[in-house]
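Asker: My questions all concern the structure below.
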Amino acid sequence: MSYLPSGIYHQSYEAEQTWWRTPFIKGKMIFMVVALLALPHVVGAQWVSVAYTINYYILAALGVQLLIGYCGQITLGHAAFVAVGAYCSAMMVLFVPWPKFLVDAGLAYPISVICAGIVAGLWSVLFGLPSARVKGFYLIMTTMAAQWITVPFVITQYVSRIGGRGHYFSLPPGTIKVGPWEIDSDTKVYYLSLVLVALCLLAMGNMVRSKVGRAWVAIRDNDIAAEAIGVNIIWYKLLAFFVAGFFAGIAGAFYISALSFVSPEHYEWFYSLLWVGIILIGGVGSIQGLVFGSVFVVMVFKLLEMGVLGLSGSLMETYPQLGWMTTKFIFFKESAFGLSVIFFLIYEPNGLAYRYWQVKNYFNLWPFSYMGKGA
Amino acid sequence: MEMFLQLFTTGVMLGSIYALVALGWVLIYKCSGVLNLAMGELTLIGGYVCLSLYQSFVGHGLPVHYAFILALIGTIITGLLLGLVTERLFLRKMIGEPILAVIMVTVGLSFFFKGMVFIVWDTDTQVFLPTVFPIDPIVVWGVAVGQVYLWSFVAAISLMIIFVSFFKYTRWGLSMQACADDEMAALSLGVSAKFVYALAWGIAFMAAGVGGTLLGNINGLNYSVSMLGLLVLPVVVFGGLNSIPGAIVGGITIGLLQNLSGGYLDQYFPGGIKEVAPFVFMVIFLLFKPFGLWGWERIERV
């Protein structure tokens with residue numbers, strides 16, 4: 001995908017496929033890890049919550065990227081699987097009679113996270129089953145149906161009523177505990193999200209550079225040709241749905257630690273579309289693109305929020321009738337998101353990852369940039 | 001039995017509105033190949049435009065019925081203009097792009113429209129006041145039918161007849177048919193594809209606007225109208241994506257199904273079974289007949 005600095009050539013496929021191909025890349029990665037670990041101590045409290053929101057979007061959109069970017073199965077109902085994960089984890093933490101030693105060791109929540117991933121994965125496979133027969137627009141319809149059936153109906157009408165708690169489950173402080181640490185502050189939530197993102201991106205990266213990933217890419221590029229060369233397309237499509245659902249479940253289970261409650265309005269159709277928008281803005285079929293897209297969308301929302309709220313705050317003193325700007329802020333956000341998706345698709349269809357790749361290669365090949373163009 | 005007849009007639013009449021909106025959807029797909037997910041927002045915009053026009057006309061002292069008819073005509077004209085502008089600004093650049101990109105442009109449009117509608121008209125439920133249609137139902141052979149439903153049915157059916165005869169007997173309609181059938185051949189015979197796309201979007205906006213107005217008259221206008229507008233998706237999947245008769249039959253079937261499931265299944269599955277039933281039906285139907293009733297089966301070659 002990307003060019004190496006001039007003068008470096010690999011002798012084997014293993015060397016080409018390794019994570020860190022040159023010492024420079026390794027150094028860059030180590031620097032990035034250090035920077036991410038130090039982040040909460042450098043920036044203010046509101047930016048820590050922005051940072052873990054970015055991580056949550058990365059986790060949630062990871063499955064979307066897998067399905068759309070690597071396997072070519074368009075999904076517009078991913079929030080349903082995130083919701084399944086969130087509810088599964090919350091209910092396991094709240095209602096399962098955990099043995100004392102597990103709770104003391106802080107294992108209840110981690111176990112529930114893994115179970116949430118598996119349950120969400122199976123739920124996703126259930127709605128992936130039609131992909132054996134249909135594709136394109138019809139598959140979009142079934143994934144949308146997954147959204148409509150799961151969130152507004154099953155979860156809102158039935159699951160939320162379990163235990164008679166009304167509309168949402170709240171998680172009392174102290175229930176979410178990972179090992180010896182109780183997840184009770186934004187900083188701890190951020191570190192938890194960082195660990196989960198690192199693990200999931202690692203898993204995803206390894207999957208897409210192995211046999212499974214090559215099979216997915218073959219299906220994406222042409223499923224009939226893939227079948228002809230011996231890829232079991234139904235099995236691999238369902239595997240893609242399972243893994244995507246698994247990541248979604250983990251994302252949902254993570255986010256309850258940040259919110260300390262679960263309610264259906266965090267899993268509306270808007271979010272399904274938001275995550276698809278993130279991968280389109282970032283770049284389809286690229287893990288970096290997923291990260292760029294999440295950062296872009298969350299930062300745009302945050303800056304818009306600061307802009308609109310700040311503007312209306314100062315304007316309100318002179319023009320009190322402008323108070324509607326704050327109450328209707330969420331609609332500005334939605335409109336801005338819609339417009340940015342449209343403009344990215346029209347003017348930058350390859351996404352931010354492609355721009356990043358161009359800039360990086362410009363520096364990699366400098367001062368002989370012309371060598372990289374066609375070759 | 002009486003309950004069945006009741007649900008049946010109301011379902012058919014509600015379904016005719018869905019059929020009208022689905023007609024616009026199918027038209028866009030047939031002519032330009034765009035799968036439009038913004039249909040719900042188009043119905044929403046139409047409903048609100050008509051409501052504001054109606055209120056301002058009534059405010060100026062026009063009689064209720066004239067005001068409503070004028071507002072409806074105003075909605076149709078606004079819809080046509082909006083459709084032309086939307087097509088020119090956003091969709092024309094997307095011709096020939098991959099399916100996901102085109103779909104996501106319409107999704108982006110739906111976010112944009114939704115945000116704008118709520119900024120302009122707020123989120124509270126608004127109703128047509130004074131009510132356009134008399135509230136007391138008409139009783140035919142023991143079946144009571146609300147006048148709103150009856151008039152919506154009449155309006156939807158007559159608009160559909162106008163549209164279908166437009167395709168069949170006018171020059172523009174014929175050029176749209178030609179473009180849908182074989183774009184290359186149509187282009188070589190001097191049909192302007194740009195004009196056809198613009199016209200398709202204009203007609204879809206008009207149909208959705210009228211549909212939104214009628215739905216708003218039944219239940220009041222709020223965000224749920226756009227959910228009802230999204231029901232065109234099960235409708236077109238059922239009828240086949242590129243079949244106009246399929247859209248009409250599918251619309252009526254889905255309306256019927258929705259009403260019957262609301263009437264009979266709600267006691268077993270309390271909650272929103274009425275909203276979910278069309279989607280469940282759609283998934284099951286897709287497993288058996290992926291191309292709908294009269295859709296073209298696509299044969300792929302490697």
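Each reported figure results from applying straightforward, stated rules to the coordinates on display, with no laboratory input. A quick note: this is a predicted structure, and the numbers were derived from the prediction, not measured. No Cβ is skipped: glycine too gets one built from the backbone with ideal geometry, and neighbour counts run over all protein chains shown.
Asker: Using a simple spin-label model with points 7 Å from Cα along the Cα→Cβ vector, what separation in nm is obtained for B:LEU70 and B:SER158?
Answerer: So the two model labels end up 1.9 nm from each other.
Asker: Report, by chain and number, residues whose modeled amide H sits under 5 Å from the one on A:VAL178, excluding near sequence neighbours (fewer than 5 apart, same chain).
Answerer: Here A:ILE183 satisfy the definition.
Asker: Further, regarding this structure: Return the FRET efficiency for the residue pair B:LYS168, A:TYR158: r is the Cβ-Cβ distance, R0 is 35 Å, and the value is rounded to the nearest 0.05.
Answerer: Computed FRET efficiency for B:LYS168 and A:TYR158: 0.10.
Asker: With the contact rule set at Cα under 8 Å and sequence spacing of 6 or more, what percent relative contact order holds for the stretch B:16-226?
Answerer: Relative CO of the stretch B:16-226 lands at 46 percent.
Asker: Less than 18 Å apart at the alpha-carbon level, and either on another chain or at least 8 residues along: which lysines does that give for A:LYS211?
Answerer: Those lysines meeting the cut-off are A:LYS237.
Asker: Mind checking which aspartates and glutamates have their C-alpha under 20 Å from A:LYS28, skipping anything on the same chain fewer than 8 residues away?
Answerer: Within reach: A:GLU16.
Asker: Sticking with this structure for a sec: Over the Cα atoms of the protein assembly as shown, compute the convex hull volume and normalise it per residue, giving Å³.
Answerer: Values: hull volume 136.6 nm³, N = 677.
Per-residue hull volume (Cα only) is 202 Å³.
Asker: Can you flag which of A:LYS135/A:LYS177; A:LYS135/A:LYS302; A:LYS302/B:LYS93; A:LYS360/B:LYS114 are past 32 Å Cα-Cα? Could the numbers behind the result be given before it?
Answerer: Details: A:LYS135/A:LYS177 42 Å; A:LYS135/A:LYS302 36 Å; A:LYS302/B:LYS93 30 Å; A:LYS360/B:LYS114 38 Å.
Table pairs above 32 Å Cα-Cα are A:LYS135/A:LYS177; A:LYS135/A:LYS302; A:LYS360/B:LYS114.
Asker: If you look at just the Cα atoms of chain A, how large are its Rg and its Dmax in Å?
Answerer: According to the Cα coordinates of chain A, Rg and Dmax are 21.9, 70 Å.
Asker: A follow-up question, please. What's the average, rounded to a whole number, of partner chain beta-carbon atoms within 10 Å of each residue's beta-carbon in B:96-104?
Answerer: 6
Asker: OK, next. Once you average over the residues of A:142-154, how many Cβ atoms of partner chains fall within 10 Å of each Cβ?
Answerer: 5
Asker: Once you have a ≥ b ≥ c as the square roots of the Cα gyration tensor eigenvalues for the stretch A:240-282, tell me rounded if a/c is under 1.5, and otherwise prolate or oblate according to whether a/b is larger than b/c.
Answerer: oblate
Asker: Order of B:53-64, A:183-194 by packing, highest average Cβ count within 10 Å first?
Answerer: For the peptides B:53-64, A:183-194, the packing ranking is A:183-194, B:53-64.
Asker: What list of ³J(HN,Hα) couplings, whole Hz, do you get for the stretch A:206-216 from phi and the Karplus terms 6.51, -1.76, 1.60, once you set θ to phi - 60° and write x for glycine and proline?
Answerer: Those phi angles translate into 5, 5, 6, 9, 10, 4, 4, x, 5, 5, 4 Hz.
Asker: Ignore the peptide's own chain and count Cβ atoms of other chains within 10 Å of each Cβ in A:127-133; give me the average, rounded.
Answerer: If you average over the peptide's residues, the count of other-chain Cβ atoms is 2.
Asker: With r as the distance between the Cβ atoms of A:MET306 and A:VAL42 and R0 = 25 Å, compute the FRET efficiency 1/(1 + (r/R0)^6) and round to 0.05.
Answerer: 0.85
Asker: Enumerate the amide H contacts of A:GLY285 below 5 Å, restricted to partners 5 or more residues apart or on another chain; note that Pro and chain-start residues carry no placed amide H.
Answerer: Amide H to amide H, under 5 Å and 5 or more residues apart or across chains, A:GLY285 pairs with A:GLY69.
Asker: Using the basic label-point model (7 angstrom from Cα toward the beta carbon), what is the A:VAL96 to A:TYR9 distance in nanometres?
Answerer: Spacing of the two 7 Å Cα→Cβ label points: 5.5 nm.
Asker: Right, another one. May I ask you to compute the full-extension gain from A:ILE118 to A:ARG355, defined as 0.36 nm times their residue separation minus their alpha-carbon distance, rounded to one decimal in nm?
Answerer: 81.7 nm
Asker: Using only the Cα atoms, what convex hull volume per residue in Å³ does chain B have?
Answerer: In chain B, the Cα hull volume divided by residue count equals 149 Å³.
Asker: Next up: Could you please rank A:TYR255, B:TYR169, A:TYR168, placing first whichever residue has the fewest other Cβ atoms within 10 Å of its Cβ?
Answerer: B:TYR169, A:TYR168, A:TYR255
Asker: Show me the ranking of peptides B:129-136, A:273-280 by mean Cβ neighbours inside 10 Å, starting with the highest.
Answerer: A:273-280, B:129-136
Asker: Based on the mean of other Cβ atoms within 10 Å per residue, sort peptides A:64-76, A:343-355, B:15-27, A:85-97 so the most packed one is first.
Answerer: On the way: A:64-76: 26.9, A:343-355: 18.1, B:15-27: 28.5, A:85-97: 21.8.
Averaged packing, sorted descending, gives the order B:15-27, A:64-76, A:85-97, A:343-355.
Asker: Amide H of A:PHE261: which non-local residues (sequence gap of 5 or more, or other chain) have their own amide H closer than 5 Å, using H built in the peptide plane?
Answerer: The answer is A:LEU171.
Asker: Whole Å is fine, so just give me how far the alpha carbon centre of the stretch A:80-153 lies from that of the stretch A:233-250.
Answerer: Result: 12 Å between the Cα centres.
Asker: How large is the helix-only mean residue ellipticity at 222 nm for the protein assembly as shown, computed as the sum of -39500 (n - 2.57) over DSSP H runs with n ≥ 4, divided by its residue count, in deg cm²/dmol to the nearest 500?
Answerer: On the way: 28 runs with 470 residues, N = 677.
Value at 222 nm, helices only: -23000 deg cm²/dmol.
Asker: Please list 3J(HN,Hα) in residue order for the stretch B:86-95, calculated via the Karplus relation 6.51 cos²θ - 1.76 cosθ + 1.60 where θ = phi - 60°; whole Hz, with x for glycine and proline.
Answerer: Per residue, the Karplus-derived 3J(HN,Hα) values read 4, 4, 5, 6, 10, 8, 5, 6, 9, 4 Hz.
Asker: Give me a comma-separated list of calculated 3J(HN,Hα) values for the stretch B:135-149, in order, Karplus coefficients 6.51, -1.76, 1.60 applied at θ = phi - 60°, integers in Hz, x for any Gly or Pro.
Answerer: Rounded to whole hertz, the list is 7, 5, x, 8, 9, 10, 6, x, 9, 8, 10, x, 5, 4, 4.
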